[in-house]
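The next block holds one structure in the form of structure tokens; read it before the comments.
The values are calculated or read from the model by the stated rules, or taken from the named source; none is laboratory data. Being a predicted model, the structure only gives us computed values, none of them experimental. FYI the Cβ positions are ideal-geometry reconstructions off the backbone, even for glycines, and counts take in every protein chain you see. Ligands, DNA and RNA are stripped out before the accessible areas are found, and what is left, the full protein with its side chains, is counted by its heavy atoms. Shrake-Rupley method; radii C 1.70, N 1.55, O 1.52, S 1.80 Å.
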Amino acid sequence: MATQNDCCVKVSLRIRPQMAKEKIEGCHICTLVTPGEPQVLLGKDKAFTYDFVFDIDAQQESIYRACVHKLIEGCFEGYNATVFAYGQTGSGKTYTMGTGFDMNVSAEEQGIIPRAVHQLFQGIQQRRDDAQAAGTQAPEFKVSAQFLELYNEEILDLFDSSRDPESRGRKSNIKIHEDSSGSIYTTGVTSRLVASEEELLQCLKLGALSRTTASTQMNAQSSRSHAIFTIYLCQMRVCSHLMNGSADAQMNGVSDGPISQPEYETLTAKFHFVDLAGSERLKRTGATGERAREGISINCGLLALGNVISALGDQTKKGGHVPYRDSKLTRLLQDSLGGNSRTVMIACVSPSDRDFMETLNTLKYANRARNIKNKVVVNQDKTSQQIQLSGEADCRWNHGLQMEIRDGRGQRGRGGMEGGTRG
């Protein structure tokens, strides 16, 4: 049984620069970051402290390094991870996450997801090179991805090329399930198996273009849905303790003998990248009709998320009911909040005084999230043991990937190396 570690949700605050329109209209800056401290002062007397605070001049690279770099490294050791951006509409969430895909964005302006994809494939290649240099068997990797949109409480598959973009009102066949260990998985979702950074980014771009956006008075390109982009990493490698033991034996002139078979372990990890739609007041966005209905749905999902964060973060209600089932958003993020995941929340805010109340609400929301403790375990299987692939596991993995992993496991159990993608 893997060891369970308590791990607090980490919270970062990002303050976006003032927009030209705000400067022209005479808006004043109402945020002040304490030099050398992860603390922000809102107005004259409202101070908040977080794990990281990034002021208006912060670069994308520094945010990625502080918030996400270690999470990707953890995926190679079998730890799940989540990073989600929260804030009012127009506060820079999509820019921070990197799902806007403006073709004019420079390398320096790339957001979190493109950087994470680059680090992931760089890490895969590095581990193959290290194994080759050490003369040991290279690990094998499978990478797949899913891209979901939660629009008006319906889960839509952004990778489903057969879906009519105009049919968003139709019932979705995607279902959310919970397995015997409490992990959340979906059925009826397209999973793309990818072999390169370029291929994964192309999938992401195609999915992002299908996402629902519309113009409101507060944001010309407002996301009208929550988006969850998930990368699954499956890694098969020789158990590290055996590799070390074998090296020691060779140094001492002792051989394990011909009957010894290497023991393999399979490490799996999933990484959720969540771009939440902006919280908004209908009066300020000027939304009517369809836009107003979208806004109400967005706010309901975010309210449910706030209730879950409050329930998990309230130190006086340990073990109390957590209302995950109040919204599909909170159900999908159940692992990420209080479950098996290393999670970072990036709260995005405007520095302008006209957004004072929205910024204050975001700061309070983020402050509560710091109290959440997740229960993190390594997702590890030893292939020398008889592993029973349950029906639940079949559902969690897409069918093609699951079959390839099975085949790889079976062949390695017989000491063969024919199956899977060679390292």
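Note down the net charge around Q18, summing +1 for each Lys or Arg and -1 for each Asp or Glu among other residues with Cβ under 13 Å from its Cβ.
Details: positive: R16, K21, K23, R354; negative: E22, E25, D55, D57, D353, D355.
So the surrounding residues net to -2.
For V33, the amide hydrogen comes within under 5 Å of the amide hydrogens of L41, counting only partners 5 or more places away or on other chains and with H modelled in the peptide plane. Residue-wise HN-Hα couplings along segment 180-192, as the Karplus relation 6.51 cos²θ - 1.76 cosθ + 1.60 with θ = phi - 60° gives them from phi, are 5, 8, x, 7, 9, 8, 10, 10, x, 10, 6, 10, 9 Hz; Gly and Pro carry x.
Averaged over its residues, segment 294-368 has an accessible area of 37 Å² per residue, based on protein heavy atoms and a 1.4 Å probe.
Among the GluC sites (Glu not before Pro) in segment 1-106, those located in a DSSP loop and surrounded by at most 16 other Cβ atoms within 10 Å of their own Cβ are E25, E77. For segment 114-207, the equivalent ellipsoid built from the Cα gyration tensor has semi-axes of 33, 17, 10 Å, listed from largest to smallest.
Find the relative contact order for segment 1-140 and round it to a whole percent, using C-alpha pairs within less than 8 Å whose residues are 6+ positions apart.
On the way: 119 pairs, mean separation 25.4, N = 140.
In percent, rounded to a whole number, it is 18.
When only Cα pairs below 8 angstrom with a gap of at least 6 residues are kept, segment 297-360 shows a relative contact order of 25 percent. You can think of it this way: the chain between S106 and A134 has 6.3 nm of extra reach, that is 0.36 nm per residue less the Cα-Cα gap.
Please state the shape class of segment 1-59: rounded when a/c is under 1.5, otherwise prolate if a/b exceeds b/c and oblate if not, all from the C-alpha gyration tensor. Show your work: numbers first, answer last.
On the way: a/c = 3.45, a/b = 2.32, b/c = 1.49.
Taking the square roots of the gyration eigenvalues as a ≥ b ≥ c, segment 1-59 is prolate.
Surface composition of segment 318-374: carbon and sulfur atoms hold 48% of the protein heavy-atom accessible area at a 1.4 Å probe. Note on V308: accessible area is roughly 0 Å² with a 1.4 Å probe, heavy atoms of protein only. Diagonalising the gyration tensor over the Cα atoms of segment 1-132 and scaling each eigenvalue by 5 before taking the square root yields semi-axes of 32, 20, 12 Å, largest first.
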